[in-house]
């Protein structure tokens, strides 16, 4: 999947069936309950809620574990709004890792990452899991941070759709070239539809609206990077 064609294109769509099967489909309901119960308002923005969980993965042992330090850092280059500072989000309950759908998601992603050529030199990688809910009614809009075309710090980002209301408007992923000309529009519609990106393209998600009542768009951003790129990771230990 994450081959030389992907490296050049900069993005790939992964159908939900890669992650969801007859043995784990029922646990999607449990995952959605975590979104209902565990997320908190993001920095005073009541149109967006989130939680975060940071893991480390050891290539040799193929083991991953939550880290003691759960801070998150982005450079100002990748996020002109909130970058350049260490941020602390609500730490997601680690019990979420026991869900069958989460086990499938993590192991499928790590199998792809294990073969991804640009990351082969690194024995220890940091996984960031951003659990985000965009929530909106017909009188306002919800948007991400940053809210327009950008490149992430991380070499790989998986965008997993967890749930999208039928009344939702927008929430489409945009892919642009280095001139910031938009080349593709991709809509994740089914639970666990996924878009994976590298740093070869700019990307954004359009604001979310609602045609009627309250609408939500729940996503799980699964980021991967060399462990040293997250500030203070020298303190990380198994939690």
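A few remarks follow.
- Sorted peptide list for 144-155, 47-58, 15-26, criterion being average Cβ within 10 angstrom, highest first: 47-58, 144-155, 15-26
- With kT/(6 pi eta Rh) evaluated at 25 °C and eta = 0.890 mPa s, and Rh the Kirkwood radius from Cα pairs, segment 4-227 diffuses with a coefficient of 137 µm²/s according to Stokes-Einstein.
- Inter-centroid distance (Cα atoms) of segment 10-44 relative to segment 144-206, Å: 16
- GNM result for the chain, Cα springs below 10 Å: residue of 134, 122, 35 fluctuating most strongly: 122
All of the numbers you see were taken from the coordinates with simple rules; none came from a lab. Computed from a predicted model, the values in this text were never measured in an experiment. Neighbour counts run over all protein chains shown; Cβ positions are idealised from the backbone, glycine included.
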